[in-house]
Each structure stands twice: as structure tokens, then as C-alpha cells.
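Have a look at the structure below, then the notes.
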Amino acid sequence: MRQMHLVGFMQAQNCTNYASSWRHPQSRTDFLTADFFQEIGRILEAGKFDMGFFDDRLSMPDRYGSDHHHTVEHGIRCVKLDPVVTLTMMAAVTSRLGLGSTASTTYYEPFHVARAMQTLDLMSAGRAAWNIVTSLNDGEAANMGHDEMMEHDRRYDRADEFVEIVLGHWDAWEDDALIIDKTTGRFGDGNKVHRLDYRGKFLKSRGPFTVPRSPQGRPVLIQAGSSGRGKSFSARWAELVFVAYHDVASGAREYAEFKHMIAAAGRNPDHVKVATLISPICAATKAEAEDRAALIASLPLEIDALSLLSEALNFDFSTKGMDEPFSDEEMAGMQGLQAIRDRVVRNTGKKNPTVREFITGSGRGRPNMNMVGGPKEIADKMEEWFTKPACDGFVVAATYVPDGYRDFVTHVVPELQRRGLFRKEYSGPTLRDHLGLAKSTIGDWRPASAAE
């Protein structure tokens with residue numbers, strides 16, 4: 001029987017992906033300690049989640065008003081720790097939970113990402129995943145020593161080369177390259193470690209790579225591009241795709257269309273899992289969950305949404321009045337997450353929405369209240385999405401931490417298990433085992449139609 005996949009959506013920062021979450025009376029505030037993240041890891045593993053995953057940006061949100069003071073004063077994602085280092089702390093107290101980290105293709109170097117992620121995969125015995133992103137705003141560019149951000153589609157063109165290099169390095173060591181024979185003094189077979197010698201339009205990298213293959217071959221590839229160019233990138237490279245479908249009906253259409261794109265790219269659609277974002281607010285009963293939702297809804301501030309929109313769309317929302325429409329030129333010039341802009345246009349039905357309509361139409365900074373209830377209510381909605389099908393699983397975003405995850409594991413996971421929709425035990429030790437993917441073999445990332 002087909003079973004759903006669950007991913008915990010985390011932030012290595014002072015809040016969840018909801019900037020207001022640190023204000024919640026039950027949110028832990030010791031987010032600068034290993035124990036904070038280790039507790040989340042233990043909860044997710046107890047709930048048999050496929051993976052815990054860290055989103056990341058390379059700057060704090062300071063695009064609004066071109067200043068960071070409001071970000072620090074209101075705790076709007078101003079603390080951002082290195083996700084790979086944080087994941088190593090979580091790996092130490094878990095044995096099955098997958099560990100996903102974001103790493104930018106815009107400002108990092110391919111060799112560095114390949115080495116860091118393959119090392120994490122080895123140190124976790126085959127549980128690592130790399131979330132492939134293109135950095136999207138001027139703050140990130142400035143922090144990484146660049147005068148301006150690269151144009152949207154050009155970032156993806158560079159990312160294609162970046163991934164080719166990383167995968168090429170991960171293929172450098174054959175599975176039996178290591179010998180380690182003290183009696184003969186032979187450490188490895190030099191003929192089974194290969195140089196890459198890659199030269200592209202944007203990037204080049206020589207090799208040979210310095211990290212052997214892991215128990216799952218190499219890390220799983222994650223992507224979340226939702227623009228047209230982003231979707232084609234995901235169809236080519238990703239093994240796990242994060243989406244934010246609006247409703248079941250449209251989600252089912254987009255899911256089917258994306259699976260067709262994967263097939264058109266020469267890949268098996270069954271080997272690419274699609275997980276949609278949810279923000280469940282759950283308790284033992286629906287009434288208790290509704291009380292929790294009322295508290296959560298009272299936490300966000302208007303400045304949270306304005307700051308996060310400015311960051312995500314790379315446009316300073318402080319330059320506009322709340323009820324002033326955006327011009328055609330301003331709408332076209334948004335070079336950040338264009339899917340947010342397009343969602344606002346779709347949700348408002350307006351080609352030129354106002355700032356206020358951007359806040360309401362995007363939902364930025366505010367949890368989606370579509371999944372509030374006891375175990376039955378939440379599981380009913382998840383089952384509808386999964387069986388339609390509109391997804392292969394869910395990215396679960398807690399509204400406060402760590403108890404938002406604990407509530408889900410305590411109340412919803414047992415109901416999903418009772419219905420036969422979710423595992424009761426892990427089927428194997430690696431992340432590929434959890435996702436139902438075979439161990440990666442050398443060259444398996446090339447489509448069947450590619451010439452050798």
C-alpha cells in the first residue's frame with residue numbers, strides 16, 4: 001500500500017518559518033544550544049518522520065527600509081545558524097531520521113557543497129539530503145561580496161552547472177575504491193578514483209574529489225522551485241520536491257502536470273516524491289486545537305509580513321503606501337520568489353495589487369489555518385490530499401517549537417498509522433530507504449536518453 005512521507009520543516013534560527021513563533025508562550029528560547037535542535041530531532045524520529053530539513057538564507061531580512069533594526073527588534077529571522085553544523089548535533093542523537101540542509105548554488109562553490117554534504121552523509125550513515133536553492137535578494141549578494149543579485153533565470157542556468165559538478169564529484173569514487181590493506185600497504189585503487197575536469201559557461205572544477213561514497217551512495221537531492229524555470233530545474237534534478245499547493249483540486253492538477261514534466265525530462269516520476277507544505281494546529285480535540293489556533297493567530301505583527309515580503313520578493317515594501325497599487329514595472333521587476341508574486345495576483349484577482357493585498361494574498365508571516373483540529377480532522381484532510389493524489393507526502397511546518405512537532409507526533413501520527421497511511425517503523429537505515437529510493441549508483445542522475 002502506498003504510504004505518505006513526512007518532513008519536518010525547520011529553521012536554524014530564533015523562530016520557525018513563522019517569524020512570530022518565538023513569541024508563543026510554549027516556544028523554547030534557548031535556540032543557541034544544541035539541545036534545542038536535538039529535542040526536535042528526537043521528536044521527529046519518534047514520529048518516524050522521513051527527514052528534518054533546514055531552510056536557509058544568507059542574510060537576515062533587512063530589505064524593508066534598507067535597514068536591519070526592525071528585524072532585530074521584532075525577532076524576524078535575525079538569528080541564522082549554519083544548518084550543516086546544526087544537523088551534525090541532531091545526527092548525534094538520532095539513528096534513522098533523515099537530515100536535510102539548504103546550500104546556495106549562487107554564492108557557494110560546488111566542491112565545498114559536495115564535500116560538506118557527502119561528509120554529513122557519511123557521518124550520519126547515509127541520512128543526508130541537499131536542498132538546492134538559488135539565492136534571491138540583494139542582502140545575500142552584499143553579504144557574499146557581490147554588488148547585485150543575479151537575474152532569476154540566469155541563477156538557474158548557473159545552478160544547472162553547479163549540480164552537474166556536485167554530482168560529478170560524488171561519482172568520483174567507485175564503491176570499492178578503498179582497500180585499506182595494512183599488510184600490503186595499499187590504501188586504495190587509484191584507477192577507481194576519477195578526476196572531473198569540468199568546464200562550463202559559469203563554473204569549472206577539476207577534482208579528484210576527496211570524500212568516498214556513503215551507505216546510500218550520495219545525498220538525496222531536494223528542490224522547491226515553483227516558477228516555470230524552477231519547475232523545469234526540479235524535474236531535471238530533484239528526488240524530493242517541496243511545493244505549496246493552494247487546494248486539493250488545483251494541487252492534483254499541478255501534481256499530475258509536474259509528474260509529466262519529470263517523465264518528459266527522461267526520468268521515472270515514481271522516483272521523485274512531491275511533498276506539499278502544511279501548518280497543522282492539532283490537539284486531542286477540535287475545540288482544544290481551535291483555542292490554540294486563536295492564540296497563534298494573535299501573534300503575528302504587520303511588520304513581520306512586510307519584512308518577509310521585502311526579503312522574499314527583493315523589493316522594499318516601505319517605499320509604498322499600504323493601499324497603493326504596484327505598477328506594471330514594479331511587478332515585472334520583482335526578481336525574488338516570483339511564485340509569491342504570482343500567487344498574490346491569482347488570489348486577489350488583481351494584476352496590480354496593493355501592499356495590503358500582498359499581505360493577505362500571500363499569507364506571508366502568518367500560518368495557514370486550513371488544518372486545525374483533533375486527530376481525525378487533520379488526518380481526514382491529509383488523507384484527501386494524499387489519495388487524490390495531490391502529493392506524495394507533507395512538509396510539516398510547526399507554528400511553535402518544539403511542541404508544535406510534539407503535538408503532531410502525539411495526536412496525528414498514530415491516526416495516520418491506524419489508517420495504514422504512514423509507517424509504524426522505519427524500513428531501513430538510510431534516507432533513500434525511507435523514501436523508497438534505491439541506493440544511488442554512479443551516473444544514475446543522467447537521464448536514460450543522455451549520451452555517455
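The values are calculated or read from the model by the stated rules, or taken from the named source; none is laboratory data. It should be emphasised that the depicted structure is a prediction, and the values quoted were computed from it without experimental measurement. Every residue, glycine as well, gets a Cβ built from its backbone with ideal geometry; the counts of neighbours run over all protein chains shown.
This table checks each residue for (1) in contact (Cβ under 8 Å) with a residue 40 or more places away in the chain; (2) touching a His at 6+ places or on another chain (Cβ under 6 Å); (3) closer than 30 Å to residue 154 by Cβ.
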site: 174; (1), (2), (3): yes, no, no
site: 177; (1), (2), (3): no, no, no
site: 183; (1), (2), (3): no, no, no
site: 190; (1), (2), (3): no, no, no
site: 195; (1), (2), (3): no, no, yes
site: 206; (1), (2), (3): no, no, yes
site: 215; (1), (2), (3): yes, no, no
site: 220; (1), (2), (3): yes, no, yes
site: 223; (1), (2), (3): yes, no, yes
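Suppose we keep only residues that are of a type in the set (Ser, Thr, Tyr) and closer than 21 Å to residue 313 by Cα within region 221-253. Which one would you say is surrounded by the most Cβ atoms within 10 Å (Cβ to Cβ)? It comes out as 234.
This table checks each residue for (1) more than 23 Å from the chain's Cα centre (by Cα); (2) under 15 Å from residue 355 (Cβ atoms).
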{"position": "298", "(1), (2)": "yes, no"}
{"position": "305", "(1), (2)": "no, yes"}
{"position": "309", "(1), (2)": "no, yes"}
{"position": "325", "(1), (2)": "yes, yes"}
{"position": "334", "(1), (2)": "no, yes"}
{"position": "338", "(1), (2)": "no, no"}
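Considering only residues of region 60-77 that are out of contact with any strand residue (DSSP E or B) (no Cβ under 8 Å at 6 or more places or on another chain) and buried (at least 21 other Cβ atoms within 10 Å of the Cβ), which is farthest from residue 116 (Cα to Cα)? Quick ask: steps written out before the conclusion?
Here is the first cut: in region 60-77, the ones out of contact with any strand residue (DSSP E or B) (no Cβ under 8 Å at 6 or more places or on another chain) are 61-76.
Of the ones still in play, those that are also buried (at least 21 other Cβ atoms within 10 Å of the Cβ) are 61-64, 71, 76.
Working: 61: 26, 62: 28, 63: 30, 64: 33, 71: 30, 76: 28 Å.
Selected residue: 64.
Of the residues making up region 179-186, none is surrounded by 16 or more Cβ atoms within 10 Å (Cβ to Cβ) and not in a loop (DSSP other than H, G, I, E, B). Within the set 305, 289, 283, 312, the sole residue that is in contact with a strand residue (DSSP E or B) (Cβ under 6 Å, 6 or more places away or on another chain) and surrounded by 19 or more Cβ atoms within 10 Å (Cβ to Cβ) turns out to be 289. Within region 48-74, the set of residues being modelled with pLDDT of 95 or more and either in contact with a Leu (Cβ under 7 Å, 6 or more places away or on another chain) or small (Gly, Ala, Ser) (or both) comprises 49, 50, 51, 52, 54, 74. Inspection of region 17-29 identifies no residue that is in a helix (DSSP H, G or I), of a type in the set (Gly, Ala, Ser) and surrounded by fewer than 21 Cβ atoms within 10 Å (Cβ to Cβ). Just the residues that are in contact with a strand residue (DSSP E or B) (Cβ under 8 Å, 6 or more places away or on another chain) and touching a residue at least 60 places away in the same chain (Cβ under 8 Å), please, taken from region 79-98. Of everything in region 79-98, those that are in contact with a strand residue (DSSP E or B) (Cβ under 8 Å, 6 or more places away or on another chain) and touching a residue at least 60 places away in the same chain (Cβ under 8 Å) turn out to be 79, 80, 81, 83, 86, 98. Among the residues of region 361-382, those that are closer than 26 Å to residue 134 by Cα and either out of contact with any Asp or Glu (no Cβ under 7 Å at 6 or more places or on another chain) or basic (Lys, Arg) (or both) comprise 361, 362, 363, 364, 366, 367, 368. Within region 230-281, being part of a loop (DSSP other than H, G, I, E, B) and of a type in the set (D, E, K, R) holds for 239, 247, 267. The residue of region 340-374 that is farthest from the chain's Cα centre (by Cα), among those that are surrounded by fewer than 22 Cβ atoms within 10 Å (Cβ to Cβ), of a type in the set (Ser, Thr, Tyr) and assigned to a helix (DSSP H, G or I), is 348.
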